[in-house]
Structures are given as structure tokens and as C-alpha cells.
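Inspection log for the structure reproduced underneath, given as C-alpha cells.
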Number of protein chains: 2
Amino acid sequence: MAPRTWILDFGRILMENGTGSSGRTLLVIGASQHDAAAYHLSGFLAPDPMICLRAKDRSYLAVSSMEYGRAKKQARADEVLSFDELGVVDLAKKLKSGGRALAAAAAGLLSQVGAKDSPVAVPPDLGILYADELRARGLTVTPEAKLFADLRRSKTEEEVSYIGETQRAVEAACAHAVEILKESEAGGDGTLRWRGEVLTSETLRAEIDAELLRRGCAADGTITAGGPQAADPHDEGHGPLRAGESIIVDIFPASKESRYYADMTRTFVKGEPSGELQRMYDAVLESQLAALAMIRPGINGREIHARVSEILHEKGYKTLQHDQKPGEPLQEGFIHGTGHGVGLEIHEAPRVSTADETLVPGDVITIEPGLYDPKIGGIRIEDLVVVTEDGSRNLTDFPKEFRL
Amino acid sequence: MAPRTWILDFGRILMENGTGSSGRTLLVIGASQHDAAAYHLSGFLAPDPMICLRAKDRSYLAVSSMEYGRAKKQARADEVLSFDELGVVDLAKKLKSGGRALAAAAAGLLSQVGAKDSPVAVPPDLGILYADELRARGLTVTPEAKLFADLRRSKTEEEVSYIGETQRAVEAACAHAVEILKESEAGGDGTLRWRGEVLTSETLRAEIDAELLRRGCAADGTITAGGPQAADPHDEGHGPLRAGESIIVDIFPASKESRYYADMTRTFVKGEPSGELQRMYDAVLESQLAALAMIRPGINGREIHARVSEILHEKGYKTLQHDQKPGEPLQEGFIHGTGHGVGLEIHEAPRVSTADETLVPGDVITIEPGLYDPKIGGIRIEDLVVVTEDGSRNLTDFPKEFRL
């Protein structure tokens, strides 16, 4: 895996972000293959936990002996150490715990570099086992959600280009899905058939995922839900797809190489939708376009979300904002947020919802309002947008075509 | 996603395991799509954090309003609640943090069910933000690595069958890789060619991953490393593959449906290997077969690992056990553990290494010794084995064929 030179130019990212992280001691203990903070800080992909430290403007990465050679070549840290050097194996024997040993080794490293007396900022998901061990060894450890989220919010140009590459794969896969739907034909009972077989959610999903994989992207949870199944925003969909029912296609893979996600949703119908379904689609589209037009630095995500809720409410649909009753989860209408950040994680800061989040240049966010009716189905339309210095740029290049 | 009825029969699992978890209050806060503990406890797959609680022999699952309908249908908890009922949204506004709000809601739920006065066992990777909030609200929260690991160690028959299904996909994908290697031909410079193109690690990996995907499995990190690249156990491999060099094929996907992993490694060579490479292969094979023969309930993983190290040491190779010098990461020979548990995570308890871990029936472990030489390459041979009441059963059905 080629070194991500730009991603780990720590100093530059911190200066560009101008966040509260300059001068702070940052510590992450996690496996970068599953831990975005660890990957973002180290640029080194591995399946087992590593120690990522930034203290006094130097960056350190400690890995197992087995990973050491590769880390020296690939990681962008001022100093790469092995667990062996930090005495992890002996600590593990003494503490009878590999996890505690890692944290103890991290504490030792902090001491070694003269940073044990200042508070250490950690991601909010640092494991309790690590946290307890660090604190037991006298360190002041504070979970700093905003600090770590901000580090990843303002995407560099290169990061946006990686997201763009994943987005191209999403669009190619969706185009393939559209081809399949266009080729399919409705049988007497409305069930769609494609190439001699019933067209199921599973088949459509498999075709999408295979197309993504051909382009080096891995998807877990591609949604191809039709009819009432689409009324549950996270239902992947199962069984035959039918004419006249809306089909939500939501594709959100990550590139296996760059690790960056992209995210797009389109809703289709084969044949004639009911008037009600068409009205739902038109309402969602109108609210989505209105939201897209609002995106610029300085605007608050909650303003965008409020506008979407307002539009849908005015058109007679239920929304969380207007119709949520305490103790009764709302099951129809506009029942989720308007969007979320996308990067090394599929859901990251900032949220575009009732949350107080002012957008900044470099934010990459989805805009994905939807309407859901357990009796007839769901509609969702989603684009991926980067906030620019003076507005925004839609990274999504795919038509919003309902009837196929 | 069909309910996993057996996996969440909490009482049965706990009685079968006879672990220290019966009667204990267990709490997990995490997104089950990425958090094996949350998935194991709830049987409900979702990409956003949920609260899984077991107290006084009842199980509770709390999810967002959006997931609530699906959770009621799919999860196996005695009680499914929505965040809305627990006041999460209001808490989030008050605390200015969704994460703290979740933990606060969990504390409230524990209070509600009369379990706030007993210590709460949490997984060692429970986020520090959650832990601090729970403790600030008066709860005694203890990370219990062994308790949660034990819950997942003794696999039920159904779990083993899911692992077996993933294993079948692994074998089919490896068979396809073998076909490709057999079809390939060496050019004048030793570079392999397949279907008119240079055969690269990337091509072989893409073919394997596509085959896995056709069988419903997703792979992240399939290794197809040749020559000196294979001397780094985690190097995925890049560029042309060559005759005469060992090619390590390590396939470890998870089923998208069941979420269970399988894991297998075979090492191949096209054409004539050097005498040295053949000797390395023979040594690894001998140590692997010896290790497989040792597996039974009651044996300690470290005995198996010691035997493997002994065999390889006697044959003249370096091992961590015999040759690790403090401060000098060993880069050649047998430079990792002998194996690890496999289940809802690719690396889980028990480890088969220097760690003190007595094997029990239901443990599913890999046995994967290897030898690595930065000058000439690597050899690794890996099977997946379930420990049975009186011995073991190898779940891997694939020949150990070096020369193709």
C-alpha cells in the first residue's frame, strides 16, 4: 500500500484545520483497519491494534514486531517503534493482559518523550481498558470528540479526490442497476423478471456489489429495497422486486485501497407508480434540491434540516420535527436526519440534523431526505457534496430519474 | 435479515458456557455492524450505536426510532425499546453530546430495571466517553475482557455451521486461485502470464474476492503475496507473480449474511522452488500437522505454540521463542503466533501463542505456522479447527499442495 504522504502531513493538516489540536498531546490505540482515527493519524493499515501518538509536534507509531518492517516503509510518522522496544510482551506477561500492556507501553512512551504531565486527548471511542490503565499510571486522559472529529472534517483536496474516486465506482454500479431494471419486465403478478429469472433484491444487490468490487470498492449493506420494505430506511431488501413499487437503491462502499467512502441513493419505479408515490417522490426531490442550494460555509446543518422538514411538513407529511411524540417512535414520514459527514467512516462529523453544526470548507456531507410509508414504501434521494470556500460542489453526477 | 434465534438464546448460551456471566449485569453500547459484542448480544445488525443490556436475567435492546420497527421484528431481546422512550434526544440537547446521551440513557435504563447498584460488566473496548458518563452517574463499570471473550468462545453447533459455510466459500475461492495459477505460464523472465496478461497479485486477489462475493462473503485484505513480499506476513502483495517464488494465498472473509468469518492459508509455487524454499515448506507443514494433532480440550495454546517453535528451531530456523532479542524485532523465521480464535471477529479468543489459554470444546481456532525470509519469501499453511468434546475436527477441506 503506497504511503499516503499527504494524509499524514500532520503539521499541515493541523495548521490548515486551525483546530484546538495544535500543541495538544494526541493518543490513539486501535487497529487502523477498523479504526478511522488510527488510520488517519498513521496512514498505516493493519488489522491489529497500534499506538499512534502525537506529542510536542512529533508523531510516533508503535506496532507489533511482525508489522514493524512494513510500518517503517509505509507509515508517515516521525518515529516508528516496535512493541518489542516498548517492552509490550513482558508487560503483557506481568499484567496478564495484552490490552493493558499496550496502554502501559503507551504510558511509557509518553513518559519517554516528556509528555506525561500534560492532558492527553483521546478519541471518544478509546477502549475503557486502555483508558483505565493510562489513568492508573497517572495520565490525565480526556475524550475529545470534537477535536478528533475536526481533524477529519476539513478534507484536503487529495481526500476529496479519493472520495470522488469511490463516488465514480458508486455511479458505475448504480448505472448497472438501472440497466438491469430497464431490461427487466413485469410478469402478470407484477413481479419483475430479468434474464429468465425473478429479479430479487438479492440479485440486484449482488450485481451492484460485484460492479463495486471490480472497481476496487467493498460494500457492506447495499440497499435494494422495494415496496413496503423500503419504508424501513435500513432494510436492505429481500425477495422479488415488483413493478409499480418504489425501489430504493442506496450504495455506500469504501475503496479498499484509499479506505474512503462515498454514498448515493436513488429511488426508481418500473412501470406506473401510484399518484401517492409520485407525490412523495416529488416532495422529496423538491426538499433535496432546496437543501443542496443552501450549502455553504457558515450555514448550520440544523437550518438545512429544518428547511427540509418544513417543506415536507407543508406538503402534508409527518416529520420528526413536527410529529414526534414522546414514547411513540415515528414510523412514517420524514423519520431521520438530512445528512451526515462521509470520509474514512460512512457516518462521521458533521451531522446535518437537529444538531448544532456549522459547516466549514472541506466538509463532505450527504443530503438525503426521504419519506416512508409502511403501507406503500419509501423514497430517498441522496447526493454527496463538498463544502467549498464560497459554496459547495456536488460530487454526485447521476440523474434523478424515478420512472424507468 | 432473518432472526438468529439460537444466537440470542441468552439463557442457553450462558448455561452452556457456565461462565462467570450468569447473574452479572452486562452492558454493551456499540454499532453491531462493527461491534461483535453488540451483534452477538442483540442479533440485530445496524450501522449506528445501540444499547444492549442484560440484567436480572432479562435482555434489553434500545435502538434509534428509525431502527425500532426492524429491531422489534429481528432482534432477540426480551424487550426492545427506542431511544425516544429513553429520552435520548432531550439528553443529547442537554449534554450537547449524542454519545454522552446514549450512556446517560443506558444509566437510566439500568436504574429503571433495578440494576444500577450492582457492578456492570462491559467489553474492554467500550468507549471512554460512554464509560466516563456511566461512572459520573454513579455506576460501577468494569471492563471484563475474559467474560465477553468467553461468551463468544464456545461456539454453538449453529455458529460452527455458519463458520463452515464461510469456509466453503473460502475453499471455492482458493480452488479458483489454484486454477488460475495452474493455467498460468512463465515468460522468459519468470513472470507469470494468464489469459494474455501478466498475472499480478492484484489480479489474483480480485479473482478470489469476486468468487467470495458470488458466495455472499466479503473480504478485506486477501493476501496474494509472492517472493520477498511474502516475507511480511501481512503484505497483501503487489505486482507481477513469478515462477519459482512462493505465493502465499491467505483468505479470511466474513459472510455478509451470518457475519461469521473463516480463515485459510495455502502456499504455492509455479515451477521449481529452490531447495531452501522446499525445505521451509516441509518444515512448516510438519510443524502444522504436529500442532493439529495436539488439539483437544484441556490443552493449553502455549503448549501447541511451543511445540511448533521447537520443531522449527530444531530444523535450524529462527523463532520468537528462541531468538527474539530485546529491542531488535525479529524479521525472519517464525515471527508470529501459531493461531487465533475465529468467529464474529477475524481475531478473537483464544490465542494460540505464548498466552496462557486452555482450549475448551467449541473453540474455533486457526493453526498457521509460517517461516519468513526477507531474501527469498515466505511460507504459511493454515487450517481452521473446532475443538470438540474429545479432540478436534478440522473444518478445512483443501489439499496442501505446494508445487502447481
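Pairwise inverse Cα distances across segment A:46-112, averaged and inverted, put the Kirkwood hydrodynamic radius at 12.0 Å.
Between A:Ala254, B:Gly190, A:Leu45, the Cα set farthest toward the positive side of the dipole of the protein assembly as shown (charges on each charged residue's Cβ, about the Cα centre) is that of A:Leu45.
Across the options B:Thr200, B:Leu213, B:Ala175, the greatest Cα extent toward the positive end of the charge dipole of segment B:157-394 (unit charges at beta carbon of Lys, Arg, Asp, Glu) belongs to B:Thr200. The relative contact order of segment B:10-151, computed from alpha carbon pairs under 8 Å that lie at least 6 residues apart in sequence, is 22 percent.
Any idea what diffusion coefficient segment B:157-394 gets from Stokes-Einstein, in µm²/s, Kirkwood Rh on alpha carbon pairs, 10 °C, 1.306 mPa s? After rounding, the answer is 88 µm²/s.
With a 10 Å cut-off around each Cβ of B:276-285, the average count of Cβ atoms from other chains is 0.
Charging the Cβ of each Asp and Glu at -1 and of each Lys and Arg at +1, and nothing else, the dipole of the protein assembly as shown about its Cα centre rounds to 1420 debye.
Label-point spacing for B:His34 across the identical copies (point 7 Å from Cα in the Cβ direction), in nm and ascending order: 1.1. For the residues A:Tyr68, B:Tyr260, a 1.4 Å probe over the protein chains yields an accessible-area ranking, largest first, of A:Tyr68, B:Tyr260.
Here is the interface size for A with B: some 4100 Å² of accessible area buried, both sides summed, with a 1.4 Å probe. Considering only A:His305, A:Gly343, A:Ile365, the residue lying farthest towards the positive end of the dipole of chain A is A:Gly343, judged by Cα position with unit charges set on Cβ. Using only Cα atoms, locate the centre of segment A:131-189 and the centre of segment B:79-142, then give the distance between them in Å, rounded to an integer. First find each Cα centre; the distance between them is then 27 Å. Position B:Lys182: other-copy label points at 4.1 nm, ordered by increasing distance, label point 7 Å along Cα→C-beta. Shape class for segment A:10-151, computed from the alpha carbon gyration tensor (a ≥ b ≥ c): oblate, with a/c not under 1.5 and a/b at or below b/c. When B:Thr358, A:Thr191 are compared by accessible area of protein heavy atoms, the largest-first order is B:Thr358, A:Thr191, using a 1.4 Å probe.
All distinct Cα pairs of chain A go into the 1/r average, and the inverse of that average, the Kirkwood radius, is 22.8 Å. The convex hull built on the alpha-carbon positions of segment A:117-156 has an orientation-averaged projected area of 3.2 nm². Accessible surface for segment A:10-151, divided over its residues, is 38 Å² per residue with a 1.4 Å probe. Shape class of segment B:284-346 from the Cα gyration tensor (axes a ≥ b ≥ c, square roots of the eigenvalues): oblate, since a/c reaches 1.5 or more and a/b does not exceed b/c. Under the criterion of Cα pairs below 8 Å and six or more residues apart, the relative contact order for segment A:157-394 equals 20 percent. Note on B:204-212: average number of Cβ atoms from other chains within 10 Å of each residue's Cβ is 2.
Here the extension length gained between B:Glu197 and B:Lys375 equals 61.4 nm, from 0.36 nm per residue of separation less the Cα-Cα distance. About its Cα centre, the dipole of segment B:173-240 is roughly 220 debye, where the only charges are +1 on Lys and Arg Cβ and -1 on Asp and Glu Cβ.
Residue pairs exceeding 20 angstrom between C-alpha atoms, taken from B:Lys72/B:Lys94; A:Lys270/A:Lys318; B:Lys56/B:Lys116; A:Lys325/B:Lys94; A:Lys318/B:Lys96; B:Lys72/B:Lys93: B:Lys72/B:Lys94; A:Lys270/A:Lys318; A:Lys318/B:Lys96; B:Lys72/B:Lys93. DSSP assigns beta bridges within segment A:10-151; of those with both partners inside it, close to 55 percent run antiparallel. Applying a length cut-off of 15 Å (Cα extent along the axis) and a mean Kyte-Doolittle floor of -1.0 to the DSSP H helices of chain B leaves B:98-112, B:157-183, B:201-214, B:275-294, B:301-314. Using a cut-off of under 11 Å, list every residue of segment B:387-404 whose amide N is near the label point 7 Å from the Cα of B:Lys182 along the Cα-to-beta-carbon line. Flagged as within label range: B:404. The mean number of partner chain beta-carbon atoms within 10 angstrom of a residue's beta-carbon across peptide B:329-339 is 3. Residues of segment A:225-255 whose accessible area, computed with a 1.4 Å probe over protein heavy atoms, drops by at least 10 Å² once all protein chains are present relative to their chain alone are A:Asp232, A:Pro233, A:His234, A:Asp235, A:Glu236, A:His238.
Gyration tensor analysis over the Cα atoms of the protein assembly as shown returns equivalent ellipsoid semi-axes of 41, 32, 27 Å (largest first, whole Å). Comment: the Cα-to-Cβ extended label point of A:Pro374, at 7 Å, lies 6.3 nm from its counterparts in the other copies, nearest first.
Across chain A, the relative contact order, built from alpha-carbon pairs under 8 Å that are at least six residues apart, equals 13 percent.
Rounded to two decimals, what is the ratio between the C-alpha radius of gyration of segment A:202-308 and 2.2 N^0.38 Å? With N residues counted in segment A:202-308, Rg over 2.2 N^0.38 Å equals 1.23. Normalised by 2.2 N^0.38 Å, where N counts its residues, the alpha-carbon radius of gyration of segment A:282-404 equals 1.04.
The values are calculated or read from the model by the stated rules, or taken from the named source; none is laboratory data. Quantities reported herein were computed from a predicted structural model and do not represent experimental measurements. Note that each Cβ is placed from the backbone with ideal geometry, even for glycine, and that neighbours are counted across all protein chains shown. Side chains are part of the model used for accessible areas, which takes the heavy atoms of the whole protein and leaves out ligands, DNA and RNA. Shrake-Rupley method; radii C 1.70, N 1.55, O 1.52, S 1.80 Å.
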